[in-house]
Amino acid sequence: MTADGSRPRPDTGPLWFLAELTYRCPLQCAYCSNPVDFARYKEELSTEEWCRVLAEARALGAVQLGFSGGEPLVRQDLEVLVAEGRRLGFYSNLITSGIGMNAERLAALKEAGLDHVQISFQADNALLSDYVAGAAQFDKKVEMAREIQRQGYPMVLNVVLHKGNIDRIDSILQMAADLEADYVELANTQYHGWALVNRAALMPSMDQLSHAEEIANQWRERMEGRMRIYYIWSDYYEGRPKPCMNGWGTTFIGVAPDGSAIPCHGAAGLPGPPPPSVREHDLAWIWRESELFNRYRGEDWMQEPCRSCPERKKDFGGCRCQAYHLTGDAEATDPTCSLSPLHHLVTEAVDGAEGRTVVEEKPLILRNPRNSKDLAKGTEQRPISRLMEELEDR
């Protein structure tokens, strides 16, 4: 604490700025990290507002610019914003499903100055991919991945792993090799947003996670110098929390479609005053002075055992959003930590995935406006285990 009782302000600005241009999306992925209540985000920032915010982020010192959503290609002004990012000196990355893209638009984005494209895949085949995404899109993704590679971009594939696709990791990596990917991120589901809603249906077992890592390591050796492979564990199984955003309010700043500024993807769902808006404040004030960005900076907010833990300077107490959604207390030790007094909230979920306790199997609840307003309405999707049986029968 400072002498006046306030938390210390940062000496530097963020390095990474994420523009969540829209939460609209043609897909309905059951593990989407968008807020569950995304349907309330209706008043998107205009082109002019985004251009102003990009300039403010660059003035703060941000050098990496991500365009995401939802699906950022839904925004017809994306090329304009990419060009503005280039003019300001950002290195820009488009995080996309590939839906809404074609060769002409990709070329226009390259002409505007886009540096990098990350395209997501749900699986290595249409049946499973289309099921998880809630829409027929696999063939389009393959087409666009090939076009990204043809136009000379660094090609990055992202695949979120879960119970339904993790045993297909060998086929997934073969697909990536066939597409001549430069980088492949195999990210086990982190249980936030829609993934938390669908956690029981998505969680694999420890054996599945370990076997998938073995396969990834074999491919890493085979593809050395040609394709870099990253395998990211779920912190539910590691016993240690991940260092969320490299520490709250130290490295990252994001802006949601309605102008809400957030220090991590899920911070808008935390209790307390609503996130500051770029329509009311400039980013410099938000970064240095706003209550939200200062709330969990440093260590003074920490409870025990975090406060006296030697790991606190590595993991920063873990994820505040995860702590809140699992415990109801945003200042609690992240329950994924084995030292948390509430770690049982995680081990009970793991027990269900391991089959040590009985968990009712339910259909996936897909991310769409209807379910965003009323999760009780559910979905017509069949349970994921039935789909896995269909794949085995083929």
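The values are calculated or read from the model by the stated rules, or taken from the named source; none is laboratory data. Treat the numbers as computed from the prediction; the structure is a model and nothing was measured. Note: ideal-geometry Cβ built from the backbone for every residue, glycine included; neighbour counts use all protein chains shown. For accessibility, only protein heavy atoms count, side chains too; no ligands or nucleic acids. Shrake-Rupley method; radii C 1.70, N 1.55, O 1.52, S 1.80 Å.
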Filtering segment 251-273 down to residues that are over 30 Å from SER338 (Cβ atoms), under 21 Å from the mean Cα position of the chain (by Cα) and open to solvent by 10 Å² or more (accessible area, probe 1.4 Å) yields ASP258, SER260
Of the listed residues (TYR23, TYR31), the one being hydroxyl-bearing (Ser, Thr, Tyr), buried (at least 22 other Cβ atoms within 10 Å of the Cβ) and over 18 Å from ALA256 (Cβ atoms) is TYR31
Taking segment 201-231 and keeping residues loosely packed, with under 15 Cβ neighbours inside 10 Å and either among the acidic types (Asp, Glu) or out of contact with any Leu (no Cβ under 7 Å at 6 or more places or on another chain) (or both) leaves MET206, ASP207, SER210, GLU214, ASN217, GLN218, GLU221, ARG222, GLU224, GLY225, ARG226, ARG228
ask   = For HIS281, are the conditions met, namely being at pLDDT below 95 and closer than 26 Å to PHE67 by Cα?
value = no
- Could you tell me whether segment 62-75 includes any residue that is surrounded by 19 or more Cβ atoms within 10 Å (Cβ to Cβ) and more than 29 Å from ASP139 (Cα to Cα)? yes
Scanning segment 232-246 for residues that are of a type outside the set (Asp, Glu) and open to solvent by less than 80 Å² (accessible area, probe 1.4 Å) gives ILE232, TRP233, SER234, TYR236, TYR237, GLY239, ARG240, PRO241, LYS242, PRO243, CYS244, MET245
Reported set for segment 159-186 where residues are within 25 Å of ALA200 (Cβ to Cβ) and buried (at least 20 other Cβ atoms within 10 Å of the Cβ) is VAL159, VAL160, LEU161, HIS162, GLY164, ASN165, ILE166, ARG168, ILE169, ILE172, LEU186
Residues of segment 271-281 being touching a residue at least 24 places away in the same chain (Cβ under 8 Å) and either farther than 14 Å from ARG295 by Cβ or in contact with a His (Cβ under 9 Å, 6 or more places away or on another chain) (or both), in sequence order, are VAL278, ARG279
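In segment 61-91, which residues are part of a loop (DSSP other than H, G, I, E, B) and of a type outside the set (D, E, K, R)?
Hits for segment 61-91 are GLY61, ALA62, VAL63, GLY69, GLY70, GLN76, GLY89, PHE90.
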- Query: Does segment 99-117 contain any residue that is in contact with a Gly (Cβ under 6 Å, 6 or more places away or on another chain) and under 21 Å from VAL184 (Cβ atoms)?
  - Reply: no
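Output the helices (runs of 4 or more DSSP H) that fall wholly within segment 92-152 and possess 3 or more residues being hydrophobic (A, V, I, L, M, F, W, C) and at pLDDT 95 or above, or say none.
103-112, 138-150
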Over segment 14-43, the set of residues more than 25 Å from MET101 (Cα to Cα), assigned to a loop (DSSP other than H, G, I, E, B) and modelled with pLDDT under 90 is VAL36, ASP37
